[in-house]
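First up is the structure itself, then whatever we jot down about it.
Taken together, the values in this text are just the output of simple stated rules run on the coordinates, not laboratory data. Only a predicted model underlies this, so the values are computations on that prediction, with no experimental measurement involved. Cβ: placed from backbone, ideal geometry, glycine included. Neighbour counts: every protein chain shown.
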Amino acid sequence: MIAAGSRVGPYEIQAPLGAGGMGEVYRARDTRLHREVAIKVLPEQLAADSGRLRRFEKEARSASSLNHPNIVTVYDIGSSDSTSYIAMELVEGITLRQMLAEGALATKKLLAIAAQVADGLAKAHGAGIVHRDLKPENVMVTRDGFVKILDFGLAKLTQREGEWGEGTRAPTVSVQTEPGIVVGTVAYMSPEQALGKPLDFRSDQFSFGSLLYEMVTGKRAFARGSAPETMTAIIREDPVSLAAAAPSTPAPLRWIVERCLGKEPHDRYASTQDLARDLATLRERLSEATGSVELVSVAPSRARALERFAFAALGVLVVAGTSYWIGSKRAEKPPPSFHRLTFRRGAVEAARFASDGQTIVYSAAWEGNPSDVFSTRSGSLEGRSLGFPGADLFALSSAGDMALALPGGGAGYILARAPLGGGAARQLVENVAEADWAPDGKSLAVIRNVEGKYRLEFPVGKVLYEAGGFLTHVRVSPEGGRVALIDRPKGNIGPGGSVSVIDLSGNRRALSGPLRAVWGLAWSASGQEVWFSSHDGSTPYALNAVTLSGRQRVIARAPVNLNLQDISRQGSVLVTRGITTAETFGHLARDSGEGERNLTWMDRAEAHDLSPDGEMILYREVGEGVRADGTAYVRKGDGSFAGPLGEGAAMALSPDGKWVLATRGGPPPQHVVLPVGAGEPRVLPRGNVEIDAHTWYRFFADRRRILFMAAEPGRPRRCYAQDIEGGLPKPVTPEGKVGCIVPSPDGKFVITRDGEMYPLEGGEPRPVPGLSRAERLLQWSADGKAIYVRNPEELPAKVYRIDLTTGRRQLWKQLAPSDPSGVDEIPYISITPDGKSYVYSYQRVLSDLYLVEGLK
């Protein structure tokens with residue numbers, strides 16, 4: 001014990017504050033800066049070990065780099081007269097342990113504390129720092145309700161080299177003199193921590209889940225009679241369910257706790273930022289008076305060829321990992337119940353009820369494997385594969401036949417029919433985007449893309465309606481006389497559109513007005529309403545119902561979104577909830593070595609272009625908080641960002657890094673040029689062409705012109721060039737010659753989708769030797785003598801370099817995420833002409849299927 005008035009370095013000790021396994025803590029005064037601080041003096045046996053002290057100092061310096069209101073700031077580390085110490089921010093308040101001494105916390109107080117802890121953890125995890133010793137003693141709450149996390153980065157001090165396995169650090173423990181006593185921290189270990197395995201940020205999530213459990217119930221999640229028994233329980237057993245231990249706990253909070261306490265790291269959150277966002281949203285939206293909850297949607301990926309950009313632009317269809325519907329606040333309306341049906345890591349594509357209302361069929365891609373079709377029952381914990389690898393589910397008939405989507409190798413899928421009871425799939429129609437059975441189980445309604453136009457056929461071959469834009473979410477009414485769908489305007493970038501119904505004579509009626517974002521459509525059990533999910537960008541997401549006369553009501557509002565999949569005749573509802581993130585990796589010329597580094601930024605930022613020198617990356621952020629078109633950002637080689645540059649779907653970066661070409665949704669969509677530095681955005685005139693908002697665009701090497709695909713009304717698409725300083729788009733290829741994405745370095749050639757090198761200044765095109773029709777051009781070499789290409793259907797993405805003279809091809813790079821779960825393609829790859837820098841982005845969708853009862 002250090003006496004009051006003693007000096008430790010420049011700090012004058014005033015009074016003791018506490019003691020534990022990590023040392024003694026004192027209130028002190030900084031005699032240099034004249035401020036009060038907290039001084040932690042390290043135990044003698046730890047400070048005397050030079051190796052452990054060096055590791056401790058390194059960790060403390062890392063922790064001191066964190067600047068966040070919910071993390072205690074480390075001011076100084078040092079030693080004085082063989083006493084090693086840390087000077088840190090002095091926090092006046094009580095620990096969470098002291099608060100829990102009185103039992104469980106009220107929901108409002110609990111969420112206020114938990115959201116702040118999660119926010120601090122997310123900040124640290126984003127900086128690559130893991131706490132490793134999160135427990136109630138390390139959470140301080142001030143008199144004003146502010147939360148401070150203590151002892152970041154200090155847990156590594158608690159073991160000697162080689163203990164607990166390489167890469168793992170046991171947590172700090174309260175000093176005990178008798179063996180067999182449960183020490184405080186053991187109860188908050190993660191399973192991997194207890195097993196001595198390597199740890200990452202998800203270990204902190206488990207510890208946080210244990211804190212949450214205790215805050216909800218007033219009891220520890222894993223409390224046993226000894227430390228070994230406690231560790232065994234953490235590894236092998238589940239705590240008493242919150243539904244039993246604290247029945248009044250709101251369902252969304254139960255989900256968060258259960259997810260954090262997943263035994264396997266991959267069962268927890270893929271990002272602590274998602275966890276923090278869920279808690280913050282729940283804190284803001286949940287009414288403590290009722291605690292009632294409702295659900296919502298993730299975009300069905302079987303329509304990804306049709307809706308790739310629509311759902312990516314919304315960016316929040318499946319964010320946050322806990323997409324909850326906050327239900328009605330009317331006391332007379334009981335909250336709905338939720339039953340989780342899937343438990344594996346991956347993405348659920350689509351789900352439907354069988355006619356008995358108990359059997360559920362769904363397609364999903366688990367652990368990076370191809371999609372397959374499964375069946376389950378409402379009371380089952382595991383789905384059974386039906387043996388259709390590579391297939392997605394379109395629909396399930398009343399007669400027990402499945403409509404399946406098989407890979408088609410083109411713009412659509414091959415529609416196939418297979419009996420639910422077993423048997424081979426029989427192929428029916430090609431180039432199908434979506435399909436649904438009529439109630440008699442004999443005919444199908446399909447959406448097809450024919451010569452660039454989307455049309456509804458019902459039955460197959462009979463065209464009921466041809467859209468100006470594109471169509472999604474086809475559903476035949478229970479009586480068979482109408483088809484509901486979402487009609488999206490031409491050129492729309494995001495998932496906007498109108499809920500529409502088309503009768504058997506082809507008459508279309510819009511039941512809703514134009515919606516900024518709409519998805520997840522199904523007929524109600526009665527057939528008198530169409531249910532759908534929507535979001536207007538400013539209010540919570542909503543589950544809506546609209547009658548055939550156009551009268552609309554809100555069933556429930558939600559802070560985030562879940563995907564409505566199906567409604568049974570008994571009124572049960574299937575939804576998927578999940579997380580969508582965008583991840584970016586690459587190698588820049590300034591990087592040392594040949595390895596890739598993580599260039600991910602924000603929650604849904606996609607890298608769309610790379611400057612020729614590899615010093616600037618163009619991102620389009622489509623996550624929460626931005627408009628449907630997205631927002632453009634530029635990341636510079638030094639790690640700094642220029643942005644946001646402005647609204648629009650970022651497409652291309654000028655070679656000099658001064659301008660960004662973006663597309664703003666319409667209708668009609670328009671090109672806009674955004675300045676990276678000083679300057680004003682310029683909207684480019686369209687003339688008489690209809691811009692294709694879903695294709696790539698690029699600048700010519702002269703930095704003044706852009707290359708893109710478009711079409712005159714009613715005419716086939718072709719390639720156009722346009723001067724960004726003024727002037728109208730000018731065609732540079734004949735009609736039908738498309739795919740020209742990247743101009744040659746000299747600006748004289750483009751390579752079209754049919755594999756020809758087309759001269760822009762006149763002359764005969766010539767085939768590109770060695771180029772497959774399935775491959776797409778990514779970049780020209782700096783000298784224009786070779787090209788980089790890839791097949792967009794392949795994962796991993798194999799990038800080849802093809803010599804334009806000899807046709808010789810060489811595998812340049814094979815790009816793939818280390819964890820392929822929830823990733824079905826890598827749509828964005830950018831390469832510099834010299835081949836020294838590259839970046840690639842992909843979306844990871846992880847979702848689960850839920851059965852919901854009680855939504856009305």
Q. How large is Rg/Rh for region 701-826, to two decimals, with Cα atoms and a Kirkwood Rh?
A. 1.01
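Per 0.36 nm of contour for each residue apart, how much would the distance between ARG704 and SER526 grow if the chain were fully extended, relative to their Cα-Cα spacing?
Taking ARG704 through SER526 to full extension adds about 58.2 nm, to one decimal.
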Q | Shape metrics for region 791-856, restricted to C-alpha atoms - Rg then Dmax, Å | A | 18.3, 67
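Averaging sequence separations of C-alpha pairs under 8 Å and six or more residues apart, then dividing by the length of region 658-772, give the relative contact order as a whole percent. Before the final figure, lay out the partial values.
Details: 244 pairs, mean separation 17.8, N = 115.
Relative CO of region 658-772 lands at 15 percent.
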Q: Mind checking region 759-812 for trypsin sites (Lys or Arg not before Pro) that DSSP puts in a loop (not H, G, I, E or B) and that have at most 10 other Cβ atoms within 10 Å?
A: ARG773
**Q.** Rounded Å value of the spacing that divides the Cα centres of region 1-37 and region 182-230
**A.** 31
**Q.** Förster radius 45 Å - calculated FRET efficiency between ARG384 and ARG773, Cβ distance, rounded to 0.05
**A.** 0.70
Q.
Give the aspartates and glutamates reachable from LYS148 as a straight Cα distance under 16 Å; neighbours fewer than 8 places away on the same chain don't count.
A. GLU89, GLU92, ASP119, ASP133, GLU137, ASP204
Q | ³J(HN,Hα) computed for each position of region 506-513 - Karplus, 6.51 cos²θ - 1.76 cosθ + 1.60, integer Hz, glycine/proline x | A | x, 7, 9, 10, 7, 7, 10, x
Q. Hey, quick one: spin label on LYS798, modelled 7 Å out along Cα-Cβ, who in region 759-784 has an amide N within reach, i.e. under 14 Å?
A. 771-776
Q: Rank-order 503-514, 720-731, 652-663 by packing density, defined as the average count of other C-beta atoms within 10 Å over each peptide's residues, highest first.
A: 652-663, 720-731, 503-514
Q: Would you list, by chain and number, the aspartates and glutamates whose Cα falls below 18 Å from the Cα of LYS658, excluding same-chain residues fewer than 8 positions away?
A: ASP609, ASP613, GLU615, ASP638, GLU647, GLU680, ASP702, ASP723, GLU725
Q | Over region 716-781 - Rg/Rh using Cα atoms and the Kirkwood inverse-distance radius | A | 0.96
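Fully extended, how many nm does the chain gain between ASP638 and LYS785 (0.36 nm per residue separation, minus their Cα-Cα distance)?
49.8 nm
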Q: Grab the Cα-Cα distance for VAL460 and ARG426, subtract it from 0.36 nm times how many residues apart they are, and report the gain in nm with one decimal.
A: 10.7 nm
Q.
At a 10 angstrom cut-off on C-beta neighbours, averaged per residue, how do the peptides 6-17, 574-585 rank from highest to lowest?
A. 574-585, 6-17
Q) Ranked highest first by the average count of other Cβ atoms within 10 Å around their residues, in what order do 586-592, 473-479 fall? A) 473-479, 586-592
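Based on the Cβ-Cβ distance from LYS197 to ILE2, what FRET efficiency comes out when R0 is 35 Å, to the nearest 0.05?
Between LYS197 and ILE2 the formula returns 0.35.
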Q | FRET efficiency, ALA244 to ARG97 (Cβ-Cβ, R0 41 Å, nearest 0.05) | A | 0.95
Q: Please give the residues of region 85-108, grouped as numeric ranges, whose backbone N is less than 20 Å from a label point set 7 Å along the Cα-to-Cβ vector of LYS219.
A: 97-107
Q. Aspartates and glutamates within cross-link reach of LYS785: Cα-Cα under 16 Å, excluding same-chain residues under 8 positions apart?
A. ASP746, GLU756, ASP803, ASP834
